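Beneath this line is the structure, given in structure tokens, with notes to follow.
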């Protein structure tokens with residue numbers, strides 16, 4: 001057994017591609033070995049900005065001899081078939097083996113040297129590498145057949161044991177020589193074998209272990225901040241990115257002008273993070289400090305003073321731009337910014353962003369006035385909705401789209417809006433996804449919920465629903481966010497009326513947008529000076545009259561409700577709620593209050609997991625199967641005069657349990673409803689044990705089937721047990 005080292009050295013590999021590249025290298029290498037009948041004991045991959053490498057341990061020196069068997073034609077097959085098979089196998093007929101009337105070609109293949117296998121595999125791996133973006137270079141780039149790599153490939157190290165594996169691709173010949181750090185080491189680095197690779201490069205100021213570079217950055221940045229009496233704002237994403245940018249990372253602390261702290265701290269942090277890959281720091285009071293930590297790729301002779309000075313200068317320029325955007329944006333009233341939204345298309349079928357804002361404002365006010373969102377002022381909700389998208393046209397959000405909403409909140413507060421309004425503008429996009437904070441401030445809840453429901457109603461009306469894995473407008477996320485708002489805040493509302501309203505507004509928007517587009521086309525084709533009204537446009541285009549929009553919004557709302565149900569199952573799975581129990585409650589119909597529905601589902605789950613619940617479920621399914629096979633079951637079939645004990649016991653239990661369960665459901669006492677159902681378990685079990693349901697006497701059979709129908713109906717007052725698995 002021996003070890004193998006492969007290093008592919010190039011110009012700088014983008015940091016964002018390195019982790020995936022390591023995975024792809026291991027996969028391609030293992031696949032190549034498997035095809036040759038080889039396997040390594042272990043495979044470890046490495047990535048730095050200038051190299052992608054792999055060490056495979058425990059490789060055999062040669063592959064085993066193998067016997068390949070190929071099935072051929074049947075005995076007595078036409079001569080043409082036999083001739084074709086022999087030609088393909090390279091054998092004569094007397095060399096074939098006959099088994100069960102079928103010919104087989106058996107070819108013994110000698111083992112191959114592992115070095116030969118690797119020599120073939122390396123160029124194939126390089127050519128097949130799935131970089132997200134790659135390029136050609138040099139004279140060969142004139143041909144589309146030339147090598148593509150993420151950046152110009154400069155060298156290949158391929159060593160099996162202590163010997164070079166000879167291979168060549170596009171004039172690059174494999175060897176045992178690589179290069180060290182671009183600045184700290186000059187001249188080649190000679191690698192003896194896989195075992196000394198990491199240490200030889202460490203001596204040349206290259207740390208090949210990604211995790212080691214991450215640890216140096218993580219710990220060094222904290223230490224640099226602590227030495228200045230500050231606390232690092234930890235950011236694992238920045239750790240990973242800086243590890244992908246450096247081969248010898250050295251964190252260093254720098255400073256910026258305290259005057260920049262007048263700019264919102266999120267702007268400073270984003271400027272430092274996105275543009276420069278810097279960490280920021282907090283002072284002893286927890287506020288943003290005028291300090292940052294950068295990660296150099298060199299251990300400078302002056303202790304990094306020149307590097308820090310250069311980074312301070314670059315960050316100062318970036319922060320100056322941010323301060324300029326902040327100050328300029330503050331000079332424009334948000335109402336004036338909002339007016340510009342009429343020039344931005346929200347969707348070609350749904351009009352402008354200003355049109356969307358108008359719909360959201362009306363829906364937010366309605367949510368408050370209807371008492372669905374309690375504790376909010378309707379004027380505040382409408383005001384916040386009208387301002388919530390205004391920051392989309394500001395200079396700051398144009399520079400940093402990630403700050404939309406957040407900057408609107410800052411601008412609203414600075415321009416004298418009420419705190420509830422400013423907070424709603426700031427947070428109305430939340431929750432953005434699973435795990436995000438869910439707003440609880442009433443005005444924010446109203447605006448956030450209205451925004452998401454308008455999006456859903458509009459896109460359903462525009463027939464732009466998600467299909468398969470495609471969801472370009474993030475509508476699945478919008479549903480989960482809306483559900484989180486409803487459940488976290490305990491909003492008691494029927495979804496159907498709300499979805500009806502959202503879809504109706506969406507259909508109106510689609511109609512108005514279509515008619516406006518049609519009018520614009522007619523205007524452009526009409527003689528100058530002739531005015532064409534919307535009504536004339538409708539008549540000339542043959543469209544339906546304005547206002548007589550398609551009532552299919554009701555169908556859309558029902559379809560959207562079903563989509564809510566599907567997403568609810570996904571959302572609740574992490575909370576341990578079974579999807580079949582959600583189906584069991586939803587399928588009864590009429591349950592579109594999510595708070596009540598989940599309370600019902602949780603009570604059902606707690607009961608169905610008990611032995612008593614499992615027994616009742618089994619009894620229900622037995623009863624349902626009997627009823628399915630029967631015709632014309634009458635739950636009110638009269639009782640015969642000679643009732644047996646089991647019939648009487650079940651009848652008595654149903655007379656008590658059914659109304660008790662129904663009353664408990666109406667009172668939203670779902671534990672009580674389960675307790676009422678639990679009282680049926682013993683009598684239904686005894687009933688099945690003691691009587692023959694399909695009795696030969698029609699009257700007796702009808703009554704017993706009626707009892708089962710009453711039992712089924714009593715259970716259905718709580719949930720459709722037919723949907724429950726098990």
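Would you mind putting 150-158, 191-199 in packing order, based on average other-beta-carbon counts within 10 Å, highest first? Numbers along the way, then the final one.
Details: 150-158: 19.2, 191-199: 16.8.
Output ranking for 150-158, 191-199: 150-158, 191-199.
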Rounded, prolate or oblate, given the Cα gyration tensor of segment 373-439, with a/c below 1.5 counting as rounded?
oblate
For segment 578-612 and segment 1-75, compute the distance between their C-alpha centroids and round to whole Å.
50 Å
Quote the relative contact order of the chain in percent (integer), defining contacts as alpha-carbon pairs under 8 Å separated by 6+ residues.
7 percent
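Note the per residue figure in Å³ for the convex hull of the C-alpha positions in segment 1-66.
Numbers: hull volume 4.7 nm³, N = 66.
Each residue corresponds to 72 Å³ of Cα convex hull volume.
Compute the Cα gyration tensor for segment 31-133, then decide on rounded, prolate or oblate, letting a ≥ b ≥ c be the square roots of its eigenvalues: rounded whenever a/c is under 1.5, prolate when a/b is larger than b/c in the other cases, and oblate in all that remain. Mind dumping the intermediate values first?
Numbers: a/c = 3.86, a/b = 2.49, b/c = 1.55.
Prolate.
Which value in deg cm²/dmol, rounded to the nearest 500, describes the helix-derived mean residue ellipticity at 222 nm for the chain, given -39,500 (n - 2.57) per DSSP H run of n ≥ 4 and division by the residue count?
Values: 26 runs with 364 residues, N = 726.
After summing the helix terms and dividing by residue count, I get -16000 deg cm²/dmol.
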For segment 648-726, the convex hull over Cα atoms projects on average to an area in nm² of 5.6 nm²
Compute log10 of I(q)/I(0) for segment 137-206 with the Debye formula, placing one identical point scatterer on every Cα and leaving out solvent, at q = 0.13, 0.21, 0.22, 0.24 Å⁻¹, to two decimals.
-0.46, -0.94, -0.98, -1.06
Against the empirical 2.2 N^0.38 Å scaling, what ratio does the C-alpha Rg of segment 393-489 come to?
1.15
With 20 Å bins from 0: P(r) over the chain, alpha-carbon pairs, percent:
13, 26, 31, 25, 5, 0
Distance histogram in 10 Å bins (all Cα pairs of segment 331-465, percent per bin)
14, 44, 36, 6, 0
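Between residue 69 and residue 327, what length comes free when the chain is fully extended (0.36 nm per residue of separation minus the Cα-Cα distance, one decimal in nm)?
Working: separation 258, 0.36 × 258 = 92.88 nm, distance 7.82 nm.
Separation in residues times 0.36 nm, less the Cα-Cα distance, equals 85.1 nm.
What is the gain in length, in nm to one decimal, between residue 434 and residue 635 on full extension, counting 0.36 nm per residue of separation less the C-alpha to C-alpha distance? Numbers along the way, then the final one.
Details: separation 201, 0.36 × 201 = 72.36 nm, distance 4.66 nm.
Between residue 434 and residue 635, full extension yields an extra 67.7 nm.
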Among segment 249-288, those whose backbone N falls under 13 Å of a label point 7 Å along Cα→Cβ from residue 305 are none
Rounded to whole Å and ordered largest first, report the semi-axes of the equivalent ellipsoid of segment 229-292 derived from its Cα gyration tensor (root of 5λ).
21, 13, 10
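Based on alpha-carbon positions alone, could you give the equivalent ellipsoid semi-axes of segment 226-376 from the gyration tensor, as √(5λ), descending, whole Å?
Working: eigenvalues 352, 65, 56 Å².
For segment 226-376, the semi-axes come out at 42, 18, 17 Å.
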Segment 236-271 scanned against label point 7 Å out from residue 23 along Cα→C-beta; backbone N under 19 Å for 236-245
Using a simple spin-label model with points 7 Å from Cα along the Cα→Cβ vector, what separation in nm is obtained for residue 464 and residue 580?
3.9 nm
With a cut-off of 14 Å, note down the residues of segment 160-184 whose backbone N falls inside the zone around a label point 7 Å from the Cα of residue 136 toward its beta carbon.
170
Between residue 477 and residue 83, the two model label points (7 Å from Cα along the beta-carbon direction) sit apart by a distance in nm of 6.5 nm
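Let me make sure I get this right: for segment 160-287, a, b and c are the square roots of the gyration tensor eigenvalues over alpha carbons, sorted descending. Under 1.5 in a/c it's rounded, otherwise prolate if a/b > b/c, else oblate. Which is it?
The shape class here is prolate.
How long are the semi-axes of the ellipsoid equivalent to segment 325-404, from square roots of 5 times the Cα gyration tensor eigenvalues, in whole Å, largest first? Don't skip to the answer; put the middle values down first.
Details: eigenvalues 123, 52, 20 Å².
Three semi-axes, in Å: 25, 16, 10.
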Alpha carbon convex hull of segment 271-360, projected area averaged over orientations, nm²
9.9 nm²
Let me know the Rg and Dmax you get for segment 73-137 when you use only its Cα atoms, in Å.
20.4, 59
Full-extension gain between residue 566 and residue 691, please, as 0.36 nm times their residue separation minus the C-alpha to C-alpha distance.
40.9 nm
Working note, segment 588-690: Cα radius of gyration (Å, one decimal) and Dmax (Å, whole number) are 15.1, 47
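Just so you know, all these numbers are worked out from the coordinates, no wet-lab data involved. All values derive from a computational prediction rather than experimental measurement. So basically every Cβ, Gly included, is an ideal-geometry build from the backbone, and we count neighbours across all protein chains shown.
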